[in-house]
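S.K.: Shown below is the structure under consideration.
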Amino acid sequence: MDPVPPAHSLRRTPIQRRSADRLARILDACAELLDETGYENLSTRAVAQRAGVPIGSVYRFFGNKRAMAIALAHRNLDRYADGIADRLAGLPATHWRPVVDAVLDEYLAMKRGVPGFALVDFGVPAPPADDPEGDGDPNHQVAARLTELLSAHLGLTPDATLQRAVLVAVEATDALIQLAFRTDPAGDPGIVAETRAMMHAYLARVLD
């Protein structure tokens, strides 16, 4: 069963399996329609129709399409973290570069294969700019999860230096991968290779 998005992104947290399955169908439909219509043309009614649920079921969980997209982004982040954990399970903790490669490879796999991910990966389009602490910023959330995963696998202390380095790497990688997919629907191989080299060179400062 898919992870349930955080309670603060939902009007009501599903308790029963049937309710959780309905929520998953709603988010799946939201993701499919994002690819077909874009975020601006997304509507709760269209999502309800695609999911095969009454419109009231959508509003039981979400007040509007933005809340629905935020829940989808949270689910994507959970799936990303789970995918990285699966990849890391087969890697030794003695070398960090394959670990960093796994982080990038999982993101590329989701970028290429997860519905709706091109528009809503870990955050929604045009997020509000009223979060001075950055707690709601998608890249801060991604960096926090990655710091936790890397620290646990490599036996590192998740101190401020490591957290800052991971955040900078996430911001830089985000910009470069956007460029790679802007020029090639599958991700320009040359730009992806440069992104990987940048991650290795930059993170060597704190991981070597």
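S.K.: Among the residues of the range 49-66, count how many are surrounded by 20 or more Cβ atoms within 10 Å (Cβ to Cβ), in contact (Cβ under 8 Å) with a residue 40 or more places away in the chain and assigned to a helix (DSSP H, G or I).
M.R.: 1
S.K.: A further question follows. Right, residue 46: under 18 Å from the mean Cα position of the chain (by Cα), open to solvent by less than 50 Å² (accessible area, probe 1.4 Å), modelled with pLDDT of 95 or more and among the small types (Gly, Ala, Ser) or not?
M.R.: no
S.K.: Let me ask something additional. Within the range 69-85, can one find any residue that is free of Cβ contacts under 8 Å to residues at least 60 places away in the same chain, within 22 Å of residue 47 (Cα to Cα) and in contact with a Phe, Trp or Tyr (Cβ under 8 Å, 6 or more places away or on another chain)?
M.R.: Yes: one or more hits.
S.K.: Would you point out which residue out of 27, 104 is in contact with a Lys or Arg (Cβ under 7 Å, 6 or more places away or on another chain), closer than 24 Å to residue 206 by Cα, in contact (Cβ under 8 Å) with a residue 40 or more places away in the chain and open to solvent by less than 10 Å² (accessible area, probe 1.4 Å)?
M.R.: Numbers: 27 fails: closer than 24 Å to residue 206 by Cα.
None of the other options fit; the residue is 104.
S.K.: Can you tell me how many residues in the range 49-74 are modelled with pLDDT of 95 or more and among the polar types (S, T, N, Q)?
M.R.: Residues meeting the conditions: 1.
S.K.: Still on this model: Failed condition for residue 155, given (1) at negative phi; (2) exposed (fewer than 14 other Cβ atoms within 10 Å of the Cβ), with all others met?
M.R.: Of the numbered conditions (1) at negative phi; (2) exposed (fewer than 14 other Cβ atoms within 10 Å of the Cβ), the odd one out for residue 155 is (1).
Condition check ((1) at pLDDT below 95; (2) closer than 30 Å to residue 29 by Cβ; (3) more than 17 Å from the chain's Cα centre (by Cα)) across all residues:
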residue	(1), (2), (3)
104	no, yes, no
111	no, yes, no
127	yes, yes, no
153	no, no, yes
163	no, no, yes
170	no, yes, no
181	no, yes, no
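S.K.: Okay, next question. Does residue 121 qualify as being closer than 14 Å to residue 76 by Cα and either open to solvent by less than 40 Å² (accessible area, probe 1.4 Å) or at pLDDT below 95 (or both)?
M.R.: Values: closer than 14 Å to residue 76 by Cα: yes; either open to solvent by less than 40 Å² (accessible area, probe 1.4 Å) or at pLDDT below 95 (or both): yes.
Taking the combined requirement at face value, the residue satisfies it.
The values are calculated or read from the model by the stated rules, or taken from the named source; none is laboratory data. Since the model is a prediction, treat every value here as computed from it, not as a measurement. Backbone-built Cβ (ideal geometry, glycine too); neighbour counts: all protein chains shown. Only protein heavy atoms, including side chains, enter the accessible area calculation; ligands, DNA and RNA are left aside. Shrake-Rupley method; radii C 1.70, N 1.55, O 1.52, S 1.80 Å.
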